[in-house]
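The values are calculated or read from the model by the stated rules, or taken from the named source; none is laboratory data. Bear in mind that the values here come from a model prediction, so they are computed numbers and not experimental data. Every residue, glycine as well, gets a Cβ built from its backbone with ideal geometry; the counts of neighbours run over all protein chains shown.
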Amino acid sequence: MVFTSIPQNYRNNVDWILGAYTDAGVTFPNGFQKDAIQNAVGARPTKNWKNWRCDISLIENDRGRYVVVEDSGTVGLTGNNTPAEQINELMAEGKVLPPEERLSRFTSMFNSGGNTTGGGLFGAGKSVYSVASKTYTYYYDSLREDGMYVSNVNKGGQVNSIAYEGSEAKKYIKENTGLDEKKTVGTRIIIEKPKDELVESITSGELVPLIQESWWLIIERLPAGSAITVNNVPITVPDDIKKTRRAYELQKPESYSQGYKVKHFGLYVFEDGGNIWSGLSYYRKGMKIGEIDIKDIPKDVEGKFWGYVEVDELWEDELSDIEDKVHFGVSKGKKHTNTYQNLKNYCNNKFHENMVKWGFIKDNKTEDKKLKDELQSIAEELQDLFDNLEFENLGTGPQKPDFDVRWQDIRYPVAETEKVTSGDEIAFSVRIKNSYTTDKKFDYKILVVDPENRSVLHQIDAGEITVKANTVHRMDKIHTVTKKNSKQYAENRIVLSVKVIGSGKEKTKVLPYFFDIDKPDTSRETVGLTLHECLFPVQGSRRVNFGEAVRKVCWKIENKRNHTLNYRLNVSIHKANASDKTCPKIVDVLSLTGIIPPFEDQITHYLDEIVFDKDTYEPYLSEGTLELRARLIANEDDPIYEKGDKITSYHFKIFLNMDEKNGKRESFRIELSKSKNNFERSWRTPGNDRKITINIEHPAYNSVADYPDFRHDYLREQMLKQYVLLYLDEGKYDIFGDGFIGLEPQEAADKVLQKVESVYYESLK
């Protein structure tokens, strides 16, 4: 039996490119010019542009109308004149045609032309020539660098078995197209009965700006005698693309990160909107590929800027791996790669830097830095005050909890949303872990609370339980939402309160739901990262000497969202020096991944020890402050973060060969929040990652923000209040007087308020 190739529909095989252009959001003429010129770019014998040309022309004669694409200063269709049947056999066997077999590669489908100096990857050029013809027919001829002249035709997927050579080739072209043979070294494609939209783009001049935007980098670099032309008119770079006072150009190549180097970057803002191009695009081998996703574009700049970026060859090679088949962007699903993310991050950083420099973005970092410095000064003043008042030290650093409380297996009626309606059920479990060495009794309450006024709307459950030492107790609960137990058209919160009977220590957890309303947007942090445990050589001190180690290091990650968190945790140690803003990295410590369900938290596995050996650290410092830096990164796309996005971080100071600073100086850190819709002026986070947060978008702050003296007093009062409440949160009740634990709620509240007022009074003396 004789085998033959399976029957194929050639037109369907090449029409894929039309869909690819549509998917990329570009017109056929735009796709045509890019693929056609790219073929000519890639046919150069070297990277040199001397005497190189690519001409696109519309020709009419007694044989008909043709669109002709002709390159010169190239190598032509070199290689053996192999019969088409033999080429098919080789391809059927899975064999690859060598790059030098340009004639065979051009004759066959799904092979690039063998170019090494251009951006071609997929052999799309031949497809575009076919679909550019109403009859799917194009002729081609080539005067090769070896002096041989060849010609052939692709007529709806049918070719002459062997290309014509010499005089027969000239005769074939003349008889079928009415054109004389090609007289310069290179290749010519003659498209029969070209599509109307392609013809119109040439006659109207529409094709010219498309070529300019795609190829201006190459046009700008072409020497005299070289050109891209349309109907024999050379294409030039528009005069005004860079004529604006808001312009930035990278002066020399720079590295973005290990293995990623940028060669050229330009950004231009036209405040009058006079730019002919827009967006920030990346170019590969001089050809525009696609636009970069730029975040946080100022309103005054929208539609009024353009820019470009070129990277080195190694990075270009990686970009080609994720490029779509028609060179108009990144393939679907490939934007999460490090290759693209690094490009996006570099461009976004450069864009933001220049927006700040040009005044389109307020330099919030500088203003926030000034404000944080003021807050730090207030913090030090307050901590001295608390010391003078002989309050117990809150302490610094991580403290392993005596008991732990958390939600588990939370199930809302609809996945990925906390919106509910009457009759819906919210299922959840409560987990209480007793880390004490003895059995403990716990008092617990599960309440529905109105967060607006903190009133109790409903009690789901309450009771007293005994949890054995170093064991976990679990309770499964279901809350059915009704108008009687919840506030309609509002946020409600299921609040879990667990107290250790006899000690006064209490922990709470909150589970929100939204009754017949959508969850409002909030800028509050949704993922928390803290150092959970870290044992130093000397208890109560964060000093380590050369040769010593910290042990049993782990972190706590809290997923305070209704989305699964897929994360990567990277940990490193840096030199912390105020005079060196770069805080150079000394060593990578850890990199791990994990998954945390919604509203749950996770303690990472212990890192057994981090040794501070002399050989590693002494080149950076013999004594001083180090920072143990943990950085939480999204490991997969989710509704809030893209893969590779930084989620949050946690920095922890370690003192090498020196005693640490006064404990009260670092008993908490300060953060700023811009939460417009949050009624709280300030809040606190107790525990390992102890901090006080000031809401600088609150109307109360805005009313004093422009008056330094009033602002200082306001910040001081807010911080003092939260500092006192930290003592309450962490069960350090001595400052509130004897018998505080046994007080009724109203009495306890009065005691706390009195303490806040008395401390404030003392601070003014």
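The condition of being at pLDDT below 90 and either surrounded by 14 or more Cβ atoms within 10 Å (Cβ to Cβ) or within 20 Å of E381 (Cβ to Cβ) (or both) holds for E730. Across segment 241-259, which residue is farthest from E271 (Cα to Cα) among those that are charged (D, E, K, R) and exposed (fewer than 11 other Cβ atoms within 10 Å of the Cβ)? Result: K252. Would you confirm, using the coordinates I've provided, whether K171 is closer than 27 Å to P29 by Cα and of a type in the set (K, R)? No, not satisfied.
Which residue is farthest from D613 (Cα to Cα), if the candidates are limited to segment 530-559 and must be surrounded by fewer than 18 Cβ atoms within 10 Å (Cβ to Cβ) and of a type in the set (K, R)? If we take residues in segment 530-559 being surrounded by fewer than 18 Cβ atoms within 10 Å (Cβ to Cβ) and of a type in the set (K, R), then K552 is farthest from D613 (Cα to Cα).
Any idea how many residues of segment 293-327 are part of a loop (DSSP other than H, G, I, E, B) and within 21 Å of P238 (Cβ to Cβ)? Result for segment 293-327: 2.
A single member of E717, E697, E762 is more than 26 Å from L628 (Cβ to Cβ) and exposed (fewer than 14 other Cβ atoms within 10 Å of the Cβ), and it is E762.
For segment 584-598, the condition of being in contact (Cβ under 8 Å) with a residue 40 or more places away in the chain, under 21 Å from G687 (Cα atoms) and part of a strand (DSSP E or B) holds for none of the residues. Filter segment 213-232 down to residues that are out of contact with any Phe, Trp or Tyr (no Cβ under 8 Å at 6 or more places or on another chain) and hydroxyl-bearing (S, T, Y) and give me whichever is nearest to E291 (Cα to Cα). Taking the candidates together, the pick is S214.
Being assigned to a strand (DSSP E or B) and either farther than 30 Å from V510 by Cα or at pLDDT 95 or above (or both) holds for only one residue in I557, I573, and it is I573.
Conditions tested, residue by residue: (1) of a type in the set (S, T, Y); (2) more than 27 Å from G31 (Cβ to Cβ).
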position	(1), (2)
K242	no, no
R246	no, yes
S255	yes, yes
G266	no, no
G273	no, yes
I289	no, no
K299	no, yes
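The strands (runs of 3 or more DSSP E) falling completely within segment 165-284 that include 1 or more residues that are within 29 Å of L77 (Cα to Cα) and in contact (Cβ under 8 Å) with a residue 60 or more places away in the chain map to 186-192, 227-230, 279-284.
Table: residues versus (1) touching a Lys or Arg at 6+ places or on another chain (Cβ under 9 Å); (2) surrounded by fewer than 18 Cβ atoms within 10 Å (Cβ to Cβ).
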| position | (1), (2) |
| --- | --- |
| V269 | yes, no |
| R284 | no, no |
| M287 | yes, no |
| D296 | no, yes |
| I322 | yes, yes |
| K344 | yes, no |
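Considering the conditions (1) surrounded by 15 or more Cβ atoms within 10 Å (Cβ to Cβ); (2) in contact with a Pro (Cβ under 7 Å, 6 or more places away or on another chain), I276 is excluded by exactly one of them, (1).
The set of residues in segment 634-652 being in contact with a helix residue (DSSP H, G or I) (Cβ under 8 Å, 6 or more places away or on another chain) and either surrounded by 18 or more Cβ atoms within 10 Å (Cβ to Cβ) or among the aromatic types (F, W, Y) (or both) consists of G644 alone.
Condition test on S667, is it buried (at least 17 other Cβ atoms within 10 Å of the Cβ) and within 16 Å of A379 (Cα to Cα)? So S667 passes the test. Applying the criterion of being of a type in the set (G, A, S) and at pLDDT below 95 to the residues of segment 286-319, the residue that is farthest from the chain's Cα centre (by Cα) is G286.
Among G94, G64, which is out of contact with any Leu (no Cβ under 9 Å at 6 or more places or on another chain), at pLDDT below 90, in the same structural domain as S204 (by TED's automatic domain parsing) and not aromatic (F, W, Y)?
One residue alone meets the criteria, G94.
In segment 602-624, the residues that are outside the structural domain of R431 (by TED's automatic domain parsing) and on the phi > 0 side of the Ramachandran plot never reach a residue that is surrounded by fewer than 13 Cβ atoms within 10 Å (Cβ to Cβ) and not in a loop (DSSP other than H, G, I, E, B) with C-beta atoms less than 7 angstrom apart, at least six apart or across chains.
Evaluated against (1) within 30 Å of I640 (Cβ to Cβ); (2) free of Cβ contacts under 8 Å to residues at least 60 places away in the same chain; (3) not in a strand (DSSP E or B), D518 falls short on exactly one condition, (2).
Return yes or no: is G333 farther than 24 Å from K643 by Cα, of a type in the set (G, A, S), surrounded by fewer than 13 Cβ atoms within 10 Å (Cβ to Cβ) and modelled with pLDDT of 80 or more? Spelling it out, it is not the case that G333 is farther than 24 Å from K643 by Cα, of a type in the set (G, A, S), surrounded by fewer than 13 Cβ atoms within 10 Å (Cβ to Cβ) and modelled with pLDDT of 80 or more. Of all the residues in segment 699-727, those that are at pLDDT 85 or above, part of a helix (DSSP H, G or I) and either aliphatic (A, V, I, L, M) or within 30 Å of G502 (Cβ to Cβ) (or both) number 10.
Checked against (1) part of a loop (DSSP other than H, G, I, E, B); (2) modelled with pLDDT under 85, T417 passes all but a single condition, namely (2).
Listed by position, the helices (runs of 4 or more DSSP H) inside segment 3-60 whose residues that are crowded, with 17+ Cβ neighbours inside 10 Å and modelled with pLDDT of 90 or more number at least 1 are 28-42.
Quick check: anything in segment 116-125 of a type in the set (F, W, Y), surrounded by 14 or more Cβ atoms within 10 Å (Cβ to Cβ) and modelled with pLDDT under 85? Yes: one or more hits.
With E636, E671, E627, E660 as the choices, which residue is at pLDDT 85 or above and part of a loop (DSSP other than H, G, I, E, B)? Result of the check over E636, E671, E627, E660: E636.
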